[in-house]
Structure formats: structure tokens, C-alpha cells
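Peer 1: Quick one: the structure is below, questions incoming.
The values are calculated or read from the model by the stated rules, or taken from the named source; none is laboratory data. Since the structure is predicted, the reported quantities are computational estimates derived from the model, not experimental observations. FYI the Cβ positions are ideal-geometry reconstructions off the backbone, even for glycines, and counts take in every protein chain you see. Just so you know, the surface numbers come from the protein's heavy atoms only, side chains and all, with ligands and any DNA or RNA stripped out. Shrake-Rupley method; radii C 1.70, N 1.55, O 1.52, S 1.80 Å.
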Amino acid sequence: MTTLFVEADGGSRGNPGIAGSGALVRNEQGQILATKATPLGKASNNVAEYTGLIEGLRLARDLDPEAFVEVRLDSKLVVEQMSGRWKIKHEDMKRLAAEAATILPPLQVRYTWIPRKDNGDADALSNEAMDACAAGVEWDPRRSRIRPQG
């Protein structure tokens, strides 16, 4: 079985504030296969983090719906909530977590917390999304510094 690695991040400048998310998928050799940055308008940091997760899972599913997916996030909150160890209290997060859980079968996905310093590519994509949001434009993958390699 193929393993894909999703790295995702989200942020907001102000909380809530100008927000964006970033996600990418790597293969087992570490090559970036797909990227996405999503400007979100005004949203909270947690909404941006969950949006990055959702977009990353969609990218992985579109590449190989049968693959095992390891999701790597620097958001301890999202990792613990999606792993079922922490309760989700906020309605926006409940809705987003439920959406994320339907993208791939739960037994096909594992959530792993990584330090922020190890999530630089997803962080860069989320910042590109916030920059696009602040400028009132769409994110342009051709101008991204994080690009698919495969």
C-alpha cells in the first residue's frame, strides 16, 4: 500500500483576522506531489488550521484514494481532536472535523504532531494564502515558492 504524507497549516493575522491555509502532499521519498493555498477572508486560526487539514486530505485522496495517509500538523489541538483524544466543543470546529473525517476512511489516516520548525513548507503556503487574502486576489500556484516536484 502506498503511503502519502500530508503537511498542513493555517493562520490568521488577528484572531479572527485575515486568514489562510496551506497544504501539500509528499510521497515516501519526500517529493512534493501537490500543493494548495487557500485564502479564507476573516477567520480564526483554528478554522484556518482545519481548512488546511481538509484541503490536504482532498489532495491526497485525489492523488490516490487507496493510499494510507499520515497527516503531519503543528496544531496539537487539531491532532488531538481528530485522533479522538480531545473533545471538540466549538461548533465551527465540530463541523470542520466532521467534514475532514468523511474525506478518507478513518482507518486510512493517522495524525501526527510535528514541531512548527518542521512544518515550514505548509506554513509558507498558509502565509501565501494570507498575503493573497490581504491583497484581495486569488492564490497563484505558479508564483508559489513551494511547488510540486513529481
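Peer 1: Under a 1.4 Å probe, what is the accessible area of the chain per residue, stated in Å²?
Peer 2: Accessible surface, normalised per residue, equals 50 Å².
Peer 1: I would also like to ask the following. Can you tell me what share of the DSSP beta bridges in region 1-107 is antiparallel? A percent to the nearest 5 is fine.
Peer 2: Within region 1-107, antiparallel bridges account for around 75 percent of the total.
Peer 1: Can you send over the carbon and sulfur percentage of the accessible area for the chain, probe radius 1.4 Å, protein chains only?
Peer 2: Of all accessible area on the chain, carbon and sulfur atoms account for 50 percent.
Peer 1: Now for a different question. Using the eigenvalues of the Cα gyration tensor, what equivalent ellipsoid semi-axes result for region 1-144 when each is taken as the square root of five times the eigenvalue, whole Å, largest first?
Peer 2: 22, 19, 12
Peer 1: Which order do the peptides 111-120, 17-26, 55-64, 76-85 come out in when sorted by mean C-beta neighbours inside 10 angstrom, highest first?
Peer 2: Per-residue Cβ counts within 10 Å, averaged per peptide and sorted highest first, yield 17-26, 55-64, 76-85, 111-120.
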